Each structure stands twice: as C-alpha cells, then as structure tokens.
C-alpha cells in the first residue's frame, strides 16, 4: 500500500500542476516542456537498461544479495557517467534534432535529471527489497512537494521580487524568456534532493563488478529494455512525431500543437489514476486466486466490474466536460477538447489490456507481453507517420486508441488459447455500446443548448440513465454483496 499509494499520490500531485502551468505558460512553451518530458522517459529506459527489475530478480535468487547490489550499482554508475557525458557533449546537435535550438540549456538540465534519477533507481529498489516502505514513500512525496513549491516560486513570486528589487539576486535569477525552463529547473532540484536523501543507500555499495553475474544480468535485462522502449513509444512518442510532422508552418506552431495535445491528454486523469490503483491491487489478488478452482470465473467477474467502472468514469468526464475543461486554464488550448473522448476510450482499452494480461503472467509466457507491446508500438509509429501531416494532433489521439485497442484485442485472442477465462463478452460489449449511445445522445442535445448549466443538467440526466441501466443488468450480482443484501 505504501509503494502503490505513494506512486498514485505523487502522480496526482503532478497532475495538480496542470491548471497552474497552463495558466502561466503559452501553448508553445507548454508544448516545449511536454517535448522535454517526452524524451526523458526514453533516455531513462536507456540509462537503466532493465537493471531495476534484474535487481529484484537476482537479489532473491543469488546466495549473496550484496554481490548483486554492488555489481548492478557499479554498472549503473559507469554507464550513467558515459551516457551523461555523451549527452552533454552533443548538446547542440540534440537541441537541433529535438527542435530546442532556442534553449539548448534544456538538454543540459534534462541530462542531469536523467543522471540523478538513474543513480537513485537502485537505492529506491533497495528500500523496497529491504522492506522500508515509509522511507521510500516519504522521499517520493517530499520530492514532489519540493518540485511544486519551486514551480510556484519561479512563476508566481520570482517575477515580483525581480521587479521590485532590480539590483538583487532575484533579478539575476529571473529570465522572462525562459518559458518552461523553470519547470525543468524545479525538477532538477527535486532529483538532486532525492539523490541526497538516498545517499546512504547509494554509497553503501562497494565498487566491484562480478563479470559472470554481470553477463547474466545483461542477458536478463536487455529484453526488458526493449519492451521498455516499446512502451515509451506507445506513451510519449506521439508528441515527438507531432513536433516533427505537424501540418503547420513553423516550429513554434508545431510546439503549440504539442502543448494543446498534451494538456488535453491530462483530462484522462480519472481513468489513468484508477488504472494505476487497480494494477496495484489486482496483481497480488490475481496471483493469490490462481490456485483456486474458480480462478477464471473470478477474473471474469473482476473484468465485469472493471469495465462498468471505467465506463462510468468515461461518462463522468465527457458529460461534464464543461467543468473538466477548467482544469486547463489556457482557453486557447480548449480547441483540442474534441480529442478527449478518443483518449479516454484509448485509456479504457489500456486498462482492459492490463486486466487481460494475467494470462501470460500466470502461464509464465511473459515474452508475450513484450511482443504485444512491440506490435502496439508499430501501430503507433505507422498511424502517426501517415496521418499527422494531414490531421495533426487528432491523428495522435486516434493512433493511441488504435495502439491500445490492438493490444487489448491481441491479448484477448491469444490469452483465450493459452489460459481460457470465461469473460462475458456480450455483456461487456453491451456496457460499452450503451455508454457510447448515452454519450451520443447527450452530445446531440448538448450541441443545441447554449447555457452551461443546462448542459450539466442534461449530463446528469444521461449519467443517471446509464446508472439505472447498469443497476438493472447487475441486479442479481449486486444482491450477492453482503452490504447491499442487508440494505435490500
């Protein structure tokens, strides 16, 4: 609970920055920030090259866990030094490639963020392996709070201090043309603080590499790195391709497209956080149920409630989009709200895929997960390459849906051959189909209503209709729940 909830809470705190940053950054600057944070996950995968997972695997397998810790820590330290030096030396080339020529310093700061985050990966893993969840969670949450505090200082307090004290240090620190740079600086401070707090774990490693063990670690971790790259393509590469291929006349306009797309993507927060929470609790539950005779039926029942929940969440966001759009404070970015339903359905497909993935975890065919992720990455690249030059960020949204939808479908078809689960497909499709009908009915009426209050009333009416439909469909199952049975 400490690990999962701290991760969810940290992510939620990061989401809370969205209204603030969209209020203080123009679309192009927000897009530039989004681009930096699209590249960082790719480089994180390269810098860590699957060693975190290898640490958990081999620490519980080897007779000498300290040897594993020393070998992995030493390997990470050497590779991080070399890769960071390569990034810093090629800064200007990368700035041209990433279209960050006006702010090449962003590359420098990002390189140090990646380096520090990489060096804290194994200490974080050691805390988890040693059973020290409180320290793990405290450091994560403290780092996020420092980040948020610095962002607030840089964009709300520093400009005033610089204006009223023109000859002070504050004036030297403030650069009105830095745009998203202060967000990156705040992140760098967070990474540095995290490294300092984890220094006891980091420096507890002795520099030594067991060559035989290191070879085994690399063989084990490289497939994880490849799958990680594929996963990052599915999650963030659409922003990079949008910056390169957007059907606009300038780099600034392309960054505006990235900013609009990234801001609107944030509106899938409700489903995203639920999926993360579900994964935190579902995997231990699924593995615990695996030994029982009714395990497949249990998985099917869980899928029913999961789909019902995300369908309701889809409607809560789309039927009240007049409220949710205020999450994006820059009204110029509201032009991208039309892609929100598409992105929500895409994340629904991703959630169902995670639910389905139990088949290859229980049958020890984890390579299937990597293959499915690679197929999803191919779909992402192909659709974005073909259609971004014509449709811009709309193509990115549909590519995300096609990616996660194909992963979901492949996992279901493949899984039913290896580990059959009696999913109630007709019922699940019915829930999804009625959800779409409810949304379509609301849209037809809402487009003819001028006032926001009446659109919210209409949204409430259609949401209640869907809940009534679900209640009737699940009447018998709901009565089996002890609390509900006592109430009725």
Practice prompt. Would you mind classifying the stretch 372-484 by shape? Square roots of the alpha carbon gyration tensor eigenvalues, ordered a ≥ b ≥ c; an a/c under 1.5 is rounded, otherwise it is prolate if a/b is larger than b/c and oblate if not.
Written response: oblate
Fill in: Per-selection Rg to Rh, the stretch 288-336 - Cα, Kirkwood hydrodynamic radius
1.35
Response to the item:
Expressed in nanometres to one decimal, the distance between label points 7 Å along Cα→Cβ at residue 416 and residue 172 is 6.9
Discussion item. For the chain, what does the convex hull of the Cα positions come to per residue, in cubic angstrom?
Written reply: 183
Worksheet item: In vacuo Debye scattering of the stretch 1-209, one point per C-alpha: log10 I(q)/I(0) at q = 0.09 Å⁻¹?
Response: -0.40
Worksheet entry | Förster radius 35 Å - calculated FRET efficiency between residue 56 and residue 427 (Cβ-Cβ, nearest 0.05) | 0.40
Practice prompt. For n ≥ 4 DSSP H runs only, could you compute -39500 (n - 2.57) per run for the chain, divide by its residues and tell me the 222 nm figure to the nearest 500?
Written response: -26500 deg cm²/dmol
Worksheet item: At what distance in nm do the modelled label points of residue 290 and residue 215 sit from each other, each positioned 7 Å from its Cα along Cα→Cβ?
Response: 3.0
Discussion item. Sort 85-97, 315-327 by the packing proxy (mean of other Cβ within 10 Å over each peptide's residues), most packed first.
Written reply: 315-327, 85-97
Discussion item. Counting just the Cα atoms, what span does the stretch 3-58 cover along each of its three principal axes? Round to the nearest Å and put the largest first.
Written reply: 47, 26, 7
Fill in: For the stretch 220-488, radius of gyration divided by Kirkwood radius, i.e. Rg to Rh on alpha-carbons
0.99
Discussion item. Could you tell me the calculated FRET efficiency between residue 101 and residue 46, based on Cβ-Cβ distance and R0 = 30 angstrom, to the nearest 0.05?
Written reply: 0.85
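Ranked by Cβ crowding within 10 angstrom, fewest neighbours first, how are 170, 359 ordered?
Listed from fewest to most nearby Cβ atoms, that is 170, 359.
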Worksheet item: What ranking do 245, 77 get, fewest neighbouring Cβ atoms within 10 angstrom at the top?
Response: 77, 245
Practice prompt. Fewest Cβ neighbours within 10 Å first, please rank 278, 462, 207 accordingly.
Written response: 207, 278, 462
Worksheet item: Measuring from label point to label point, each 7 Å out along Cα→Cβ, what is the residue 20 to residue 338 span in nm?
Response: 3.3
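Readers should treat all values here as calculations from the given coordinates under stated rules, not as data from a laboratory. This is a predicted model, so every value here is computed, not measured. Methodologically, a virtual Cβ is constructed for each residue, glycine included, from the backbone with ideal geometry; neighbour enumeration extends over all protein chains shown.
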